[in-house]
1. Tell me which lysines have Cα within less than 18 Å of Lys419's Cα, excluding those fewer than 8 residues away on the same chain?
2. Averaging sequence separations of C-alpha pairs under 8 Å and six or more residues apart, then dividing by the length of the stretch 328-418, give the relative contact order as a whole percent.
3. Place a +1 charge on the Cβ of each Lys and Arg in the chain and a -1 charge on the Cβ of each Asp and Glu, then give the dipole magnitude about the Cα centre in debye, rounded to the nearest 20.
4. Show me the ranking of peptides 135-147, 24-36, 319-331, 280-292 by mean Cβ neighbours inside 10 Å, starting with the highest.
5. Sketch the reach of a paramagnetic label on Met37 as a point 7 Å from Cα along Cα-to-Cβ, and name the residues of the stretch 221-241 whose backbone nitrogen lies under 14 Å away.
6. Would any residue of the stretch 178-196 have its amide N under 11 Å from a label point 7 Å out along Cα→Cβ of Leu77? List them or say none.
7. For the residues Val218, Val82, what sequence is obtained by ranking on other C-beta atoms within 10 Å, fewest first?
8. Please report the orientation-averaged projected area of the chain, defined via the convex hull of its C-alpha atoms, in nm².
Amino acid sequence: MIETPLTATIQPDGKPLDVTGYERVGGYQAVRKALKMTPEAIISEIKSSKLRGRGGAGFQTGRKWEAVPKRDEALFLRYLIVNADEMEPGSFKDRLLLEKTPHQLIEGVIIGAFAIQATLAYIFVRGEYVLALERLARAVVEAQARGYVGRDILGSGFSLTIHVHASGGRYICGEASALFSALEGRRAIPRARPPRSAVSGLWGKPSVVNNVETLCCVPPIIERGANWYLGLSRSVDGGTKLYGVSGRVKRPGLWELPFGTPLNEILFEHAGGMQEGYECRAVLPGGASTAFIVPESFDVRMDFASVQKIGSSLGTGNIVVLDQRRCPIGLLRNLEHFFAQESCGWCTPCRDGLPWVERILTAIEAGEGKVEDLELLIHHVSFLGPGCTFCDLAPGAMAPLASGLKHFRSEFERHINEKACPWHDTKDAWT
């Protein structure tokens, strides 16, 4: 039987446990244990567990915490920030945790803050997640009433204030340095690096940003140990992962599975395979900013290294399925419209390049494309790629486009040659 430490406390009715109910199932025991450890021991345990960030980049969590200067090396004030600004198209895993097990996130925040000796924590939540905001705010109040948050937590001498912040921004707020700017009340634009945020982040102080799912992994690691956590995985990295599937599958949804579960197992066992009359043509393995994977590679293990080897990235682990009855050009146009709309406009390639890409794709889909448009798209893939823009928004937008041009070249040419979208009159055409 698969152990599911991320979702074990989620109730069948979907309502979150209050603090009493969470304590009854073992909640906050990890906090009690952690506060008797040294910060260095906590970081060492997280490093040994090989927990990697679940927000998309996959950075080693323990190494990120370790990078924060020690107390005698910097001003004592430092921050822990939870990135709950889940706006990647096709991604919905953090919402489950925010709404249904908020106390587990708060417990992870407390342990993480103690490990880096942060006395202030911010949970930066997508503004549209109204229910999540309500439940988080209530859980923080309950935790404070129990003495898990506030001054001198459980008599340990450690104090922590947690603020739940509703984002008023856009997709760019999910980028760490833009998130800092938004929290500071300024325009959400990314910042130049170095310095890294571990040295100079929010208000110029040492700061660590972790994803919701990442921090929810922390309490069970501290409670049961790194070796136990490593044993849950089918990969070199530790633990379990929330994998989601959306599209024309029989059972779209979200599952907690061992890290490194093969893609075809997720698609055809847990999601039930394709609906009657549909075939899977390709998938985006980790949300909108990942490259397409075609069926020949569906045996890939869904972990960071394995997916990277076949030319894509794990991203959020939320799989978007493209079936044979949807226009791939329309899908790409829809994604590029999102990225163009959400660009902060700070750098020229992203600000001007993404709308240009969208216009080209719109013209091709409408039957107004030209052969030379394909070369223009290839140019943009390079021009907006890694190292050419201020942050990773535009390079992320180019990942599905680059792979789409590779795998669906004949569909691009057919649109141009026939001067129409072959899927235009089908009921399943992407709009």
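What follows is calculated from the coordinates using simple rules that are stated; it is not laboratory data. If you're wondering where the values come from, they're calculated on a predicted model, not measured in any experiment. Glycine gets a Cβ as well: all are built from the backbone with ideal geometry, and neighbour counts include every protein chain shown.
1. The qualifying lysines are Lys370.
2. Numbers: 95 pairs, mean separation 32.6, N = 91.
In percent, rounded to a whole number, it is 36.
3. Details: 49 positive and 48 negative charges, 225 e Å.
Dipole size: approximately 1080 debye.
4. 280-292, 319-331, 135-147, 24-36
5. 221-230
6. Inside the label zone: nothing.
7. Lowest count first: Val218, Val82.
8. Over all viewing directions, the chain projects a mean Cα-hull area of 20.2 nm².
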